[in-house]
Amino acid sequence: MTATRVLVLNSGSSSLKYQLLDMRDASRLALGLVERIGEQTSRLKHTVAGSGETREQDGPIADHDAALKAVAGELARDGLGLDSPDLLAIGHRVVHGGMFFTEPTVVDDGVITEIERLIPVAPLHNPANLTGIRTARALRPDLPQVAVFDTAFHTTMPESAARYAIDPRLADRYRVRRYGFHGTSHAYVSRETARLLGKDPSEVNVIVLHLGNGASASAVERGRCVDTSMGLTPLEGLVMGTRSGDLDPAVIFHLARVGGMSMDEIDTLLNKRSGLFGLCGDNDMREIRRRIDEGDQEAALAFDIYIHRLKKYIGAYFAVLGKVDAIAFTAGVGENAAPVRQAAIAGLEGLGAAVDPELNSVRGDGARLISPGSARVAVAVVPTDEELEIATQTYALVGKSN
Ligand code: AMP
(Lines give C-alpha, C1' and ligand atoms only; values in the text may rest on other atoms or scores of the structure.)
Protein backbone atom coordinates (compact mmCIF):
# COMPACT_ATOMS: atom_id res chain seq x y z
CA MET A 1 0.00 0.00 0.00
CA THR A 2 1.29 3.48 -0.80
CA ALA A 3 1.62 5.89 2.10
CA THR A 4 -0.40 9.06 1.47
CA ARG A 5 -0.64 10.80 4.84
CA VAL A 6 1.33 13.89 5.73
CA LEU A 7 1.65 15.31 9.23
CA VAL A 8 2.13 19.09 9.22
CA LEU A 9 3.87 20.63 12.22
CA ASN A 10 4.05 24.33 13.03
CA SER A 11 6.29 24.62 16.04
CA GLY A 12 6.35 27.92 17.95
CA SER A 13 8.42 28.84 20.99
CA SER A 14 5.80 27.49 23.41
CA SER A 15 3.26 25.91 21.09
CA LEU A 16 2.89 23.08 18.60
CA LYS A 17 0.14 23.16 15.97
CA TYR A 18 -0.47 20.10 13.86
CA GLN A 19 -2.69 18.66 11.17
CA LEU A 20 -2.75 15.19 9.68
CA LEU A 21 -3.89 15.12 6.05
CA ASP A 22 -4.57 12.37 3.56
CA MET A 23 -3.18 13.66 0.28
CA ARG A 24 -5.25 11.35 -1.91
CA ASP A 25 -8.05 13.89 -1.54
CA ALA A 26 -6.36 16.54 0.65
CA SER A 27 -8.77 15.70 3.47
CA ARG A 28 -8.00 16.44 7.11
CA LEU A 29 -7.95 13.44 9.43
CA ALA A 30 -7.05 15.23 12.67
CA LEU A 31 -5.77 18.55 13.89
CA GLY A 32 -4.86 20.24 17.11
CA LEU A 33 -2.70 22.47 19.20
CA VAL A 34 -0.47 22.16 22.24
CA GLU A 35 -0.23 25.49 24.07
CA ARG A 36 1.94 26.82 26.89
CA ILE A 37 4.61 24.14 26.52
CA GLY A 38 7.03 24.32 29.47
CA GLU A 39 4.44 25.77 31.86
CA GLN A 40 2.27 24.14 34.51
CA THR A 41 -0.87 25.05 32.57
CA SER A 42 -0.11 23.37 29.23
CA ARG A 43 -3.09 22.25 27.19
CA LEU A 44 -3.48 19.85 24.29
CA LYS A 45 -6.61 20.30 22.18
CA HIS A 46 -7.13 17.52 19.65
CA THR A 47 -9.93 17.32 17.07
CA VAL A 48 -10.81 14.25 15.05
CA ALA A 49 -11.81 15.69 11.70
CA GLY A 50 -14.49 13.23 10.59
CA SER A 51 -16.57 13.17 13.77
CA GLY A 52 -15.63 16.66 14.94
CA GLU A 53 -14.94 15.10 18.36
CA THR A 54 -12.63 17.28 20.44
CA ARG A 55 -10.51 16.07 23.35
CA GLU A 56 -8.59 18.27 25.76
CA GLN A 57 -5.70 17.41 28.07
CA ASP A 58 -4.69 19.90 30.75
CA GLY A 59 -1.52 19.64 32.79
CA PRO A 60 2.19 20.31 32.46
CA ILE A 61 3.90 19.36 29.20
CA ALA A 62 7.59 19.98 29.81
CA ASP A 63 8.99 20.44 26.31
CA HIS A 64 8.38 19.92 22.59
CA ASP A 65 9.46 16.30 22.84
CA ALA A 66 6.76 15.62 25.43
CA ALA A 67 4.29 17.67 23.35
CA LEU A 68 4.87 15.64 20.20
CA LYS A 69 4.66 12.40 22.16
CA ALA A 70 1.33 13.54 23.61
CA VAL A 71 0.10 14.39 20.09
CA ALA A 72 1.28 10.98 18.86
CA GLY A 73 -0.68 9.38 21.71
CA GLU A 74 -3.87 11.22 20.73
CA LEU A 75 -3.43 10.28 17.07
CA ALA A 76 -2.84 6.64 18.06
CA ARG A 77 -6.16 6.58 19.96
CA ASP A 78 -7.87 7.14 16.62
CA GLY A 79 -5.75 4.59 14.77
CA LEU A 80 -3.69 7.39 13.17
CA GLY A 81 -0.45 6.86 15.10
CA LEU A 82 2.91 8.12 13.92
CA ASP A 83 4.09 4.51 13.54
CA SER A 84 1.40 3.88 10.90
CA PRO A 85 2.70 2.67 7.51
CA ASP A 86 0.27 5.15 5.92
CA LEU A 87 2.34 8.10 7.16
CA LEU A 88 4.50 9.29 4.25
CA ALA A 89 6.29 12.31 5.68
CA ILE A 90 6.24 15.18 8.16
CA GLY A 91 6.09 18.71 6.75
CA HIS A 92 7.47 21.50 8.94
CA ARG A 93 6.78 25.20 8.72
CA VAL A 94 10.09 27.06 8.89
CA VAL A 95 9.83 30.83 9.00
CA HIS A 96 13.20 31.91 7.63
CA GLY A 97 14.96 30.16 4.78
CA GLY A 98 17.09 33.16 3.78
CA MET A 99 18.28 33.19 0.16
CA PHE A 100 19.49 29.62 0.39
CA PHE A 101 16.17 27.79 0.50
CA THR A 102 14.07 28.64 -2.52
CA GLU A 103 11.99 25.45 -2.38
CA PRO A 104 10.70 22.89 0.11
CA THR A 105 13.63 20.76 1.18
CA VAL A 106 14.05 17.30 2.68
CA VAL A 107 15.78 17.80 6.03
CA ASP A 108 19.23 16.35 6.63
CA ASP A 109 22.04 17.45 8.94
CA GLY A 110 23.25 20.03 6.42
CA VAL A 111 19.78 21.58 6.17
CA ILE A 112 19.58 21.83 9.95
CA THR A 113 22.96 23.57 10.05
CA GLU A 114 21.81 26.07 7.42
CA ILE A 115 18.53 26.82 9.29
CA GLU A 116 20.66 27.34 12.41
CA ARG A 117 22.86 29.79 10.52
CA LEU A 118 19.77 31.89 9.84
CA ILE A 119 18.91 32.30 13.54
CA PRO A 120 20.45 35.81 13.71
CA VAL A 121 17.85 37.05 11.18
CA ALA A 122 14.96 35.07 12.74
CA PRO A 123 15.80 34.85 16.45
CA LEU A 124 12.24 34.17 17.60
CA HIS A 125 11.05 31.74 14.97
CA ASN A 126 13.82 29.54 13.59
CA PRO A 127 14.93 28.07 16.95
CA ALA A 128 11.33 27.02 17.67
CA ASN A 129 10.92 25.56 14.18
CA LEU A 130 14.18 23.64 14.61
CA THR A 131 13.01 22.21 17.91
CA GLY A 132 9.98 20.77 16.11
CA ILE A 133 12.18 19.26 13.39
CA ARG A 134 14.63 17.71 15.85
CA THR A 135 11.84 16.30 17.98
CA ALA A 136 10.04 14.74 15.01
CA ARG A 137 13.29 13.33 13.63
CA ALA A 138 14.09 11.70 16.97
CA LEU A 139 10.64 10.12 17.08
CA ARG A 140 10.62 8.87 13.48
CA PRO A 141 14.22 8.97 12.17
CA ASP A 142 13.28 6.82 9.18
CA LEU A 143 10.58 9.20 7.91
CA PRO A 144 11.28 12.05 5.46
CA GLN A 145 11.01 15.42 7.18
CA VAL A 146 10.39 18.32 4.83
CA ALA A 147 11.04 21.97 5.66
CA VAL A 148 8.66 24.42 3.95
CA PHE A 149 9.90 27.99 4.23
CA ASP A 150 7.77 31.14 4.68
CA THR A 151 10.36 33.07 2.71
CA ALA A 152 10.69 30.68 -0.27
CA PHE A 153 7.87 32.11 -2.39
CA HIS A 154 9.51 35.54 -2.23
CA THR A 155 12.94 34.44 -3.45
CA THR A 156 11.80 35.27 -7.01
CA MET A 157 11.76 39.00 -6.16
CA PRO A 158 14.12 40.95 -8.40
CA GLU A 159 17.13 42.59 -6.74
CA SER A 160 15.49 45.99 -7.28
CA ALA A 161 12.71 44.94 -4.87
CA ALA A 162 14.79 42.77 -2.51
CA ARG A 163 17.63 45.20 -1.77
CA TYR A 164 17.59 48.15 0.58
CA ALA A 165 19.39 51.25 -0.63
CA ILE A 166 22.49 50.69 1.50
CA ASP A 167 26.05 49.59 0.69
CA PRO A 168 25.60 46.13 -0.90
CA ARG A 169 28.85 44.82 0.62
CA LEU A 170 27.70 45.76 4.11
CA ALA A 171 24.25 44.35 3.37
CA ASP A 172 25.69 41.05 2.13
CA ARG A 173 28.03 40.72 5.09
CA TYR A 174 25.11 40.90 7.51
CA ARG A 175 22.53 39.29 5.19
CA VAL A 176 20.47 42.48 5.22
CA ARG A 177 17.87 42.33 2.47
CA ARG A 178 14.11 42.03 2.04
CA TYR A 179 13.10 38.39 2.45
CA GLY A 180 9.33 38.64 2.97
CA PHE A 181 7.18 36.27 5.02
CA HIS A 182 3.76 34.54 4.90
CA GLY A 183 5.04 33.11 1.61
CA THR A 184 3.16 29.82 1.97
CA SER A 185 -0.07 31.79 2.26
CA HIS A 186 0.75 34.17 -0.61
CA ALA A 187 1.60 31.18 -2.83
CA TYR A 188 -1.59 29.32 -1.97
CA VAL A 189 -3.89 32.33 -2.19
CA SER A 190 -2.48 33.64 -5.48
CA ARG A 191 -2.95 30.19 -7.03
CA GLU A 192 -6.47 29.81 -5.63
CA THR A 193 -7.36 33.28 -6.94
CA ALA A 194 -6.29 32.23 -10.43
CA ARG A 195 -8.40 29.11 -10.06
CA LEU A 196 -11.39 31.23 -8.99
CA LEU A 197 -10.97 33.25 -12.19
CA GLY A 198 -10.80 30.04 -14.21
CA LYS A 199 -7.22 30.81 -15.23
CA ASP A 200 -3.79 29.28 -14.85
CA PRO A 201 -1.58 31.16 -12.32
CA SER A 202 0.81 31.94 -15.20
CA GLU A 203 -1.95 33.96 -16.89
CA VAL A 204 -2.78 36.42 -14.11
CA ASN A 205 -1.32 39.17 -11.95
CA VAL A 206 -2.62 39.21 -8.38
CA ILE A 207 -2.21 41.50 -5.38
CA VAL A 208 -2.54 39.32 -2.26
CA LEU A 209 -3.44 41.03 1.01
CA HIS A 210 -2.75 38.65 3.91
CA LEU A 211 -4.38 40.52 6.79
CA GLY A 212 -4.16 38.61 10.04
CA ASN A 213 -2.65 39.68 13.33
CA GLY A 214 0.54 39.84 11.27
CA ALA A 215 -0.15 41.34 7.86
CA SER A 216 1.60 41.52 4.50
CA ALA A 217 0.87 42.33 0.89
CA SER A 218 2.46 40.83 -2.18
CA ALA A 219 2.56 41.51 -5.90
CA VAL A 220 2.39 38.24 -7.82
CA GLU A 221 3.13 38.39 -11.53
CA ARG A 222 2.11 35.32 -13.51
CA GLY A 223 2.53 33.11 -10.44
CA ARG A 224 5.86 34.58 -9.29
CA CYS A 225 6.28 37.01 -6.42
CA VAL A 226 7.84 40.29 -7.58
CA ASP A 227 7.41 42.33 -4.39
CA THR A 228 6.17 41.96 -0.84
CA SER A 229 5.70 44.31 2.08
CA MET A 230 7.63 42.53 4.85
CA GLY A 231 11.40 42.83 4.73
CA LEU A 232 14.41 41.61 6.69
CA THR A 233 11.92 40.76 9.44
CA PRO A 234 8.11 40.76 9.62
CA LEU A 235 8.19 44.31 11.02
CA GLU A 236 8.17 46.17 7.69
CA GLY A 237 5.10 47.12 5.70
CA LEU A 238 1.46 47.22 6.67
CA VAL A 239 0.02 48.33 10.00
CA MET A 240 -0.50 45.08 11.93
CA GLY A 241 -2.11 43.92 15.16
CA THR A 242 0.86 44.90 17.32
CA ARG A 243 3.61 45.81 14.78
CA SER A 244 4.08 49.33 13.48
CA GLY A 245 4.95 48.35 9.91
CA ASP A 246 6.78 51.06 7.94
CA LEU A 247 8.24 54.03 9.72
CA ASP A 248 11.14 56.41 9.17
CA PRO A 249 14.19 54.50 10.50
CA ALA A 250 15.20 57.73 12.22
CA VAL A 251 12.30 57.21 14.64
CA ILE A 252 14.51 54.54 16.23
CA PHE A 253 17.51 56.89 16.64
CA HIS A 254 15.18 59.55 17.99
CA LEU A 255 13.60 57.25 20.57
CA ALA A 256 17.08 56.09 21.64
CA ARG A 257 18.78 59.51 21.77
CA VAL A 258 15.94 61.74 22.85
CA GLY A 259 13.64 59.21 24.53
CA GLY A 260 16.49 57.35 26.27
CA MET A 261 15.06 53.98 25.26
CA SER A 262 17.28 50.91 24.85
CA MET A 263 17.37 48.89 21.61
CA ASP A 264 15.48 46.06 23.31
CA GLU A 265 12.79 48.46 24.52
CA ILE A 266 12.36 49.90 21.03
CA ASP A 267 12.26 46.39 19.55
CA THR A 268 9.48 45.43 21.95
CA LEU A 269 7.65 48.70 21.34
CA LEU A 270 7.61 48.31 17.55
CA ASN A 271 6.92 44.56 17.43
CA LYS A 272 4.60 44.03 20.38
CA ARG A 273 3.10 47.36 21.45
CA SER A 274 2.48 49.22 18.21
CA GLY A 275 0.17 48.83 15.22
CA LEU A 276 -3.55 48.79 16.00
CA PHE A 277 -2.80 47.91 19.62
CA GLY A 278 -0.41 50.81 20.05
CA LEU A 279 -2.80 53.22 18.39
CA CYS A 280 -5.98 52.36 20.29
CA GLY A 281 -5.28 49.62 22.85
CA ASP A 282 -6.97 46.85 20.84
CA ASN A 283 -5.53 44.62 18.13
CA ASP A 284 -8.67 42.63 17.36
CA MET A 285 -10.49 44.11 14.39
CA ARG A 286 -13.86 42.94 15.77
CA GLU A 287 -13.34 45.00 18.92
CA ILE A 288 -12.11 48.01 16.93
CA ARG A 289 -15.22 47.94 14.70
CA ARG A 290 -17.45 47.64 17.78
CA ARG A 291 -15.79 50.70 19.32
CA ILE A 292 -16.11 52.65 16.07
CA ASP A 293 -19.83 51.82 15.95
CA GLU A 294 -20.08 53.34 19.44
CA GLY A 295 -18.41 56.55 18.24
CA ASP A 296 -14.90 55.93 19.65
CA GLN A 297 -12.53 58.42 17.96
CA GLU A 298 -9.31 56.66 18.93
CA ALA A 299 -10.48 53.39 17.34
CA ALA A 300 -11.67 55.28 14.24
CA LEU A 301 -8.24 56.90 13.78
CA ALA A 302 -6.48 53.54 14.22
CA PHE A 303 -8.75 52.06 11.53
CA ASP A 304 -8.08 55.00 9.19
CA ILE A 305 -4.30 54.68 9.59
CA TYR A 306 -4.57 50.92 8.94
CA ILE A 307 -6.60 51.50 5.76
CA HIS A 308 -4.41 54.36 4.52
CA ARG A 309 -1.30 52.15 4.65
CA LEU A 310 -3.12 49.29 2.98
CA LYS A 311 -4.24 51.58 0.14
CA LYS A 312 -0.68 52.83 -0.35
CA TYR A 313 0.52 49.25 -0.87
CA ILE A 314 -2.35 48.42 -3.22
CA GLY A 315 -1.46 51.51 -5.26
CA ALA A 316 2.24 50.67 -5.23
CA TYR A 317 1.59 47.13 -6.45
CA PHE A 318 -0.62 48.40 -9.27
CA ALA A 319 2.45 50.35 -10.37
CA VAL A 320 4.83 47.40 -9.85
CA LEU A 321 2.61 45.01 -11.82
CA GLY A 322 1.37 47.41 -14.49
CA LYS A 323 -1.72 45.32 -15.03
CA VAL A 324 -3.70 43.75 -12.18
CA ASP A 325 -6.26 40.98 -12.71
CA ALA A 326 -7.29 40.46 -9.10
CA ILE A 327 -6.92 41.66 -5.54
CA ALA A 328 -7.33 38.87 -2.98
CA PHE A 329 -8.10 39.36 0.71
CA THR A 330 -7.11 36.59 3.11
CA ALA A 331 -6.37 35.66 6.79
CA GLY A 332 -8.39 36.58 9.89
CA VAL A 333 -9.12 40.22 9.01
CA GLY A 334 -9.10 39.81 5.24
CA GLU A 335 -11.52 36.88 5.30
CA ASN A 336 -13.90 38.24 7.93
CA ALA A 337 -13.85 42.03 8.11
CA ALA A 338 -16.12 43.34 5.34
CA PRO A 339 -15.59 47.01 6.43
CA VAL A 340 -11.81 46.65 5.93
CA ARG A 341 -12.30 45.30 2.40
CA GLN A 342 -14.85 47.99 1.58
CA ALA A 343 -12.64 50.82 2.87
CA ALA A 344 -9.43 49.48 1.28
CA ILE A 345 -10.95 49.35 -2.21
CA ALA A 346 -13.11 52.50 -1.90
CA GLY A 347 -12.04 55.15 -4.40
CA LEU A 348 -10.07 52.76 -6.62
CA GLU A 349 -12.69 52.79 -9.41
CA GLY A 350 -10.22 54.74 -11.56
CA LEU A 351 -7.88 51.74 -11.34
CA GLY A 352 -10.71 49.38 -12.28
CA ALA A 353 -11.31 47.98 -8.78
CA ALA A 354 -14.59 48.11 -6.89
CA VAL A 355 -16.46 46.15 -4.23
CA ASP A 356 -20.13 45.20 -4.46
CA PRO A 357 -21.46 46.00 -0.95
CA GLU A 358 -23.95 43.15 -1.01
CA LEU A 359 -21.47 40.49 -2.14
CA ASN A 360 -18.97 41.87 0.35
CA SER A 361 -21.32 41.54 3.31
CA VAL A 362 -22.29 37.91 2.60
CA ARG A 363 -20.38 35.55 4.87
CA GLY A 364 -19.11 32.35 3.33
CA ASP A 365 -16.50 29.68 3.76
CA GLY A 366 -14.98 29.28 0.33
CA ALA A 367 -13.19 31.53 -2.14
CA ARG A 368 -15.57 34.09 -3.62
CA LEU A 369 -15.70 37.23 -5.73
CA ILE A 370 -16.93 40.45 -4.10
CA SER A 371 -16.49 42.80 -7.08
CA PRO A 372 -19.32 43.74 -9.47
CA GLY A 373 -19.32 41.71 -12.69
CA SER A 374 -18.41 44.83 -14.65
CA ALA A 375 -15.17 45.55 -12.73
CA ARG A 376 -11.91 45.29 -14.69
CA VAL A 377 -10.08 44.04 -11.59
CA ALA A 378 -11.65 41.14 -9.71
CA VAL A 379 -11.73 41.57 -5.93
CA ALA A 380 -11.89 38.27 -4.05
CA VAL A 381 -12.00 36.77 -0.58
CA VAL A 382 -9.80 33.67 -0.63
CA PRO A 383 -9.42 31.78 2.66
CA THR A 384 -5.82 30.84 3.21
CA ASP A 385 -4.77 27.30 4.15
CA GLU A 386 -1.11 27.20 5.05
CA GLU A 387 -1.28 23.65 6.43
CA LEU A 388 -2.75 22.30 3.20
CA GLU A 389 -0.08 24.16 1.21
CA ILE A 390 2.71 22.71 3.41
CA ALA A 391 1.20 19.23 3.03
CA THR A 392 0.82 19.68 -0.74
CA GLN A 393 4.43 20.83 -1.13
CA THR A 394 5.66 18.00 1.11
CA TYR A 395 3.67 15.42 -0.83
CA ALA A 396 4.86 16.80 -4.16
CA LEU A 397 8.47 16.46 -3.00
CA VAL A 398 8.33 13.08 -1.24
CA GLY A 399 5.30 11.42 -2.82
CA LYS A 400 7.02 11.22 -6.19
CA SER A 401 9.79 8.98 -4.91
CA ASN A 402 7.44 6.86 -2.81
P1 AMP B 1 -4.94 35.50 11.95
O2 AMP B 1 -3.62 36.03 12.41
O3 AMP B 1 -5.03 35.26 10.48
O4 AMP B 1 -5.44 34.33 12.77
O5 AMP B 1 -6.00 36.68 12.23
C6 AMP B 1 -6.35 37.06 13.55
C7 AMP B 1 -7.08 38.39 13.51
O8 AMP B 1 -8.22 38.31 12.65
C9 AMP B 1 -7.67 38.81 14.84
O10 AMP B 1 -6.72 39.50 15.62
C11 AMP B 1 -8.80 39.74 14.44
O12 AMP B 1 -8.31 41.06 14.31
C13 AMP B 1 -9.20 39.26 13.06
N14 AMP B 1 -10.51 38.61 13.01
C15 AMP B 1 -10.82 37.32 13.28
N16 AMP B 1 -12.14 37.11 13.12
C17 AMP B 1 -12.69 38.29 12.76
C18 AMP B 1 -14.02 38.75 12.45
N19 AMP B 1 -15.07 37.90 12.48
N20 AMP B 1 -14.18 40.04 12.11
C21 AMP B 1 -13.13 40.88 12.07
N22 AMP B 1 -11.86 40.53 12.35
C23 AMP B 1 -11.64 39.25 12.68
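Seen from all directions on average, segment 128-260 presents a Cα convex hull projection of 11.6 nm². For the chain, with all protein chains present and a 1.4 Å probe, just round the carbon and sulfur fraction of the accessible area to a whole percent. Carbon and sulfur together cover 52 percent of it. Suppose the Debye formula is applied to equal point scatterers at every Cα of segment 203-282; what is log10 I(q)/I(0) at q = 0.11, 0.18, 0.19, 0.21 Å⁻¹? Log10 of I(q)/I(0), two decimals: -0.35, -0.76, -0.81, -0.92.
Each peptide in 313-322, 76-85, 61-70 receives the mean, over its residues, of other Cβ atoms within 10 Å, and ordering these scores from highest gives 61-70, 313-322, 76-85. Over the Cα atoms of segment 61-175, the radius of gyration divided by the Kirkwood radius equals 1.08; this is the Rg/Rh ratio. Close amide H contacts of V204 (hydrogens built in the peptide plane, cut-off under 5 Å, sequence separation of 5 or more or a different chain): R222, G223. Report, in deg cm²/dmol and to the nearest 500, the calculated mean residue ellipticity at 222 nm for the chain, where each DSSP H run with n ≥ 4 adds -39500 (n - 2.57) and the sum is divided by the residue count. One gets -11000 deg cm²/dmol as the mean residue ellipticity at 222 nm. One quarter of the convex hull surface built on the alpha carbon atoms of segment 316-402 amounts to 7.4 nm², the projected area averaged over directions. For segment 206-338, report the % of Cα-Cα distances exceeding 27 Å. That tail contains 24 percent of the Cα-Cα pairs. For segment 328-340, putting each phi into the Karplus relation 6.51 cos²θ - 1.76 cosθ + 1.60 with θ = phi - 60° gives couplings of 10, 9, 8, 6, x, 6, x, 7, 10, 9, 4, x, 5 Hz, in residue order, rounded to whole numbers and with x for Gly and Pro. Using only the C-alpha atoms, the convex hull of the chain corresponds to 164 Å³ per residue. In degrees between 0 and 90, to the nearest 10, how far off the longest principal axis of the chain does helix 263-272 point, with axes built from Cα atoms? The helix 263-272 is inclined about 90 degrees to the chain. Shown for the chain: lysine pairs separated by 8 or more places, or found on different chains, whose C-alpha atoms are under 27 Å apart, numbering 13. The Kirkwood radius of segment 1-64, taken over pairs of alpha-carbon atoms, gives through the Stokes-Einstein law at 20 °C and 1.002 mPa s a diffusion coefficient of 171 µm² s⁻¹. Note on segment 1-116: the alpha carbon radius of gyration divided by the globular reference 2.2 N^0.38 Å gives 1.12.
Coupling constants for segment 290-300 follow from the phi torsions by the Karplus curve (6.51 cos²θ - 1.76 cosθ + 1.60, θ = phi - 60°), and in residue order they are 4, 5, 4, 4, 8, x, 6, 6, 5, 5, 5 Hz; glycine and proline get x. Couplings 3J(HN,Hα) of segment 167-179, computed from phi: 3, x, 5, 5, 4, 5, 4, 9, 6, 8, 7, 8, 9 Hz, in residue order, whole Hz [Karplus 6.51 cos²θ - 1.76 cosθ + 1.60, θ = phi - 60°; x for Gly and Pro].
The values are calculated or read from the model by the stated rules, or taken from the named source; none is laboratory data. A quick note: this is a predicted structure, and the numbers were derived from the prediction, not measured. Reconstructed Cβ throughout: ideal geometry from the backbone, glycine too, with neighbour counts over all protein chains shown. All accessible areas refer to the heavy atoms of the entire protein, side chains included, with ligands and DNA or RNA removed. Shrake-Rupley method; radii C 1.70, N 1.55, O 1.52, S 1.80 Å.
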